[in-house]
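Please treat every number below as a calculation from the coordinates, not as lab data. Only a predicted model underlies this, so the values are computations on that prediction, with no experimental measurement involved.
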Amino acid sequence: MARVFFALWPSPEAARQLAAVAASFAAAAGGRATRLESIHLTLAFLGDVAVDRLPELERAAREVRGEAFPLTLDRLAVWRHNRVFWAGCSVAPPALADLSAGLAAAVRAAGFAVADGGRTFTPHVTLARRIVALDAAWPECAPVSWTNRRFALVRSMPSADASSYRSIAEFSLLAGSG
């Protein structure tokens, strides 16, 4: 089995900015900051999929069409119930919601399930987990922006420390608004 999801990877500069915010908050609030190389925005989480079915999943994703789009993360928040600090967007670009919905529909049509598929899509980048001080002051954070021109099918590789991620395949978004 492979634990997989579809994601957007930020530009290197955006990832560095987000990693700095993550480290600052985790130092103040306790918890584990997301590592620079792991910073991503999940479009659709599938969970465990049989390795021999990954080519089917890749084919389904190749059918998804979407436009490139800019994304600005300008909002910080904490999910108290699971002690997660995250960055999101005040206004999500329509192309982002369309891409997430299109992926979910394509993978369902191919016989896969999207974990938490009934939950409303909340675009976010997890910055820290296992927060100890839920009411800690948030670090200064200017809006972080990048243009998304592709999305990826990603495999999570768990370890004792933290999961690492490896792109299995990348899919281009059409030139357009981005």
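Structure values in brief
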| item | result |
| --- | --- |
| Tensor-based shape of the stretch 36-95 (alpha-carbon gyration tensor, a/c under 1.5 rounded, otherwise prolate or oblate) | oblate |
| Relative contact order (%) - the stretch 80-178, alpha-carbon pairs under 8 angstrom, separation at least six | 27 percent |
| GNM flexibility winner over the chain from Leu54, Leu153, Leu41 (Cα, springs under 10 Å) | Leu54 |
| Gaussian network model of the chain, Cα within-10 Å springs - most flexible of Ala110, Ala33, Ala44 | Ala110 |
| Sequence-separation-based contact order of the chain, relative, with Cα cut under 8 Å and 6+ spacing, percent | 35 percent |
| Gyration tensor verdict on the stretch 1-84 (Cα atoms; rounded if a/c is under 1.5, prolate if a/b is larger than b/c, oblate otherwise) | prolate |
| Kirkwood hydrodynamic radius (C-alpha pairs) into Stokes-Einstein, the chain, 25 °C and 0.890 mPa s, D in µm²/s | 147 µm²/s |
| The chain: antiparallel DSSP beta bridges as a percent of all, rounded to 5 | 95 percent |
